[in-house]
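I have placed the structure first, in the form of structure tokens, so that the comments after it can refer back to it.
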Amino acid sequence: MKNFGFIRVAAASPRVKVSDTEFNKNEIIALIDRAEAEKTTLLAFPELSVTGYTCGDLFGSSTLVESAEEMVAQIREYTRGKGITVVVGAPVRYNDRLYNCGIVIHNGGIKGIVPKIYNPTYNEFYESRWFSSGADFLSGNVHNEGRFLSDGKDFVREGFCAEIKFAGRRCNISPNMLFTVGDATFAIEICEDLWTPLPPSSFHSVAGAKIIVNLSASNEVLMKQQYRKALVCEQSAHTLSGYIYCSSGYGESTQDLVFAGSSMIYENGTLMAEAERFGMESSIIFADLDVEKLTVLRQKQSSFYYVTPDGTKASTYAQMYSRVNVADAVPTDFSQNFYRKVEPLPFVPEGEDIEARCKEILSIQTLGLITRLQHIGAKTAVIGISGGLDSTLALLVTVLAFDRLGWQRNRIIGVTMPGLGTSKRTHSNADDLMEALSITRKEISVVPAVEQHFKDIGHDASAHDSTYENAQARERTQILMDLSNKTGGLVVGTGDLSELALGWCTYNGDHMSMYGVNASVPKTLIRSMCRWIGENLFLEEHTSEGRSVGSILFDIADTPISPELTPTDKAGNIAQLTEDLVGPYELNDFFLYHFFRFGASADKILFLAKKAFGSKYEEETLRHWINRFFKRFFSQQFKRSCLPDGPKVGSVSLSPRGDWRMPSDASSELFKLK
């Protein structure tokens, strides 16, 4: 049972009774059972969950503190024989000082105790009235030289920590502790620690923690939830980590404050799970974090392990940490329940995000083209218009660029170049779109030149092979280049990211241009952008017969994708369908995203694709197209090694000057499914 780098985590917000440690212990145990039933590896509870956060001056009572210690001992014993690792919050007395701590428990043992560093004492908070700061352990004031203990003798590295006997076990206490479960290393910070300018988790992460557990008791005031979510989101992104934020809920004293159980789990800035606030019962949320993905992201971001402007490396801080091997990860069958949404169209935003994304992409493309046009002093822009998605978006971007420059649109020269497979539908859409946008239209058939070329090279025109197809693509490019030369213009490239990944372009044909505005935009996103533009832009433009730009764009988005390089059927309809040859673009874009962004293996991509697409594709179909993707991706690198200039738009780009440098002769065998 392969885990593909995933680990199941949970955040539990138990109903509490303030200072009733027996009741709270029973609620915690019940939630441990729920998490254990879901094969959870790591379970977090809120700050001071054993006593309740709002005990006030009762924390000065030995009765409460000692009872909390006894309840932790019972929780510890309850975990014996279980695979789950639990982090609970409780007060811990050490050297006549009281600390607000997170306690790591596994299989009947205490693996370490982490005290809170920053105790807020402002506004509604009074923590320094009762608790000392965990910074004591970092200053050397309580550093117990040479004594590094843990149940099971599983320390693998020494750091700043002290020995303590707590809940019937000798263990260590320190803010700087890293705990490893399976392939994941986690660290702990507590509530206010996160709200400071330099959260401990920033240092924990560069020391090696890929998961941060925050035990919190964060009360509700107007708009605080939005700020709190933004804080957790940004910190998980800054630290390239999974972040489990677990906050106190129902049962805390409402004498002055209300606690609503604001628990959430993020992964590198993405919300994975969120608890419903203001409930009256215990709650728990689950998420399957991708530790392998976090590893790849940190590996790629070369600046991650430098933590100060003078270039101090993370290894300097790592020496200050004690490291504990807690346990193996719980064997979890992720093929069953999977607490993670896998988007089938990772490049295409949902809901309201589509507007912001389209505006941003168009702005990047437009400004890039404007800069190039002005820099070379272009008099015109020349584009081959096919009536397909790519040339449509390129034309729309060019029109927007000319509008911003205040240039007349008739300086844009759109060229239709009917070939041996051009369909009536695409030709009509291309012509109508150019008319509606008021650009200069030209039509130059490539058929006579191509037929002559076939004679020149001795090619049988009845053989509809790659020579038959590529001759048309290269003739079209020659026309555009020469027309651009004649008019003092620039050829705007139309090819997209998906085609570049698959090498689905003719070398020195549609592969080439003077500026490729779509080079970093995948096919699935281009279709969505054309629809959005049709609904929101160019609303006043129509053809002489009254056909709107929107209606043209909608029809283009619905047209089957084809290079139209082989003859149409008898009715003049498209016969050559790209996706029959290279696979559905939604699959290819999915494969590209996970391979490029996160270095996912073929078998992990297969697993994720099955989750994303469900029953839409059979496993054998997915396996076939995954292997075809890798074969094409590797064999066609030589085309990407000499791409024209073009703006980077998203996080995935195949430009050899920025994002993807790969030898053209690399073998794909290692990367394909066996």
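The values are calculated or read from the model by the stated rules, or taken from the named source; none is laboratory data. Computed from a predicted structure; not experimentally measured. Note that each Cβ is placed from the backbone with ideal geometry, even for glycine, and that neighbours are counted across all protein chains shown. To get the accessible areas, we keep the full protein, side chains included, count just its heavy atoms, and leave off ligands, DNA and RNA. Shrake-Rupley method; radii C 1.70, N 1.55, O 1.52, S 1.80 Å.
Structure above, values below:
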item: Principal axes of segment 423-512: Cα extent on each, largest first, Å; result: 41, 32, 31
item: Helix 549-558 axis, angle to the chain major axis (alpha carbon atoms, nearest 10°); result: 80 degrees
item: Å² per residue, accessible surface of segment 625-674 at 1.4 Å; result: 51 Å²
item: Segment 511-572, dipole about Cα centre (Lys/Arg Cβ +1, Asp/Glu Cβ -1), debye to the nearest 20; result: 260 debye
item: Dipole magnitude of the chain, debye to nearest 20 (Cβ charges: Lys/Arg +1, Asp/Glu -1, about Cα centre); result: 1340 debye
item: Selection from L231, P197, N219 lying farthest towards where the dipole of segment 164-239 points positive, charges on Cβ; result: N219
item: Helix axis angle, 466-487 relative to the chain longest principal axis, alpha carbon, degrees; result: 80 degrees
item: Scattering curve values for segment 387-440, log₁₀ I(q)/I(0), Debye with Cα scatterers, q = 0.32 Å⁻¹; result: -1.35
item: Amide H contacts under 5 Å for T380, placed H, 5+ residues apart; result: G489, L490
item: Cβ crowding within 10 Å averaged over residues, with 35-41, 321-327 ranked highest first; result: 321-327, 35-41
item: Relative packing of peptides 499-510, 455-466 - highest average C-beta neighbours within 10 Å first; result: 499-510, 455-466
item: Accessible surface, per residue, of segment 422-573 when the full set of protein chains is kept, probe 1.4 Å, Å²; result: 43 Å²
item: Hz values of 3J(HN,Hα) by residue in segment 243-249 - Karplus curve (6.51, -1.76, 1.60), Gly and Pro given as x; result: 10, 9, 10, 10, 10, 5, x
item: Span from the segment 429-486 Cα centroid across to the segment 6-67 one, whole angstrom; result: 72 Å
item: Rg to Rh, two decimals, where segment 1-120 supplies the alpha carbon set and Rh follows Kirkwood; result: 0.99
item: Given (i) 30.7, 100; (ii) 27.9, 99; (iii) 27.2, 93, the label whose value is Rg and Dmax of the Cα atoms in Å derived from this model; result: (i)
item: Sorted peptide list for 468-475, 16-23, 369-376, 334-341, criterion being average Cβ within 10 angstrom, highest first; result: 468-475, 16-23, 369-376, 334-341
item: Selected from G60, L42, S19, residue furthest toward positive end of dipole (segment 1-138; charges at beta carbon); result: L42
item: Per-selection Rg to Rh, segment 229-292 - Cα, Kirkwood hydrodynamic radius; result: 1.05
item: Per residue convex hull volume, Cα atoms of segment 261-401, in Å³; result: 257 Å³
item: With Cα atoms, 0 to 90° folded angle of helix 523-536 axis to the chain main axis; result: 80 degrees
item: Per residue accessible area of segment 1-140, 1.4 Å probe, in Å²; result: 35 Å²
item: Surface share of carbon and sulfur [accessible, 1.4 angstrom probe, percent] for the chain; result: 48 percent
item: Student exercise, segment 441-550 dipole from Lys, Arg, Asp, Glu Cβ charges, in Debye to nearest 20; result: 240 debye
item: Net lengthening on full extension, R80/N123 (0.36 nm per residue, minus Cα-Cα); result: 11.3 nm
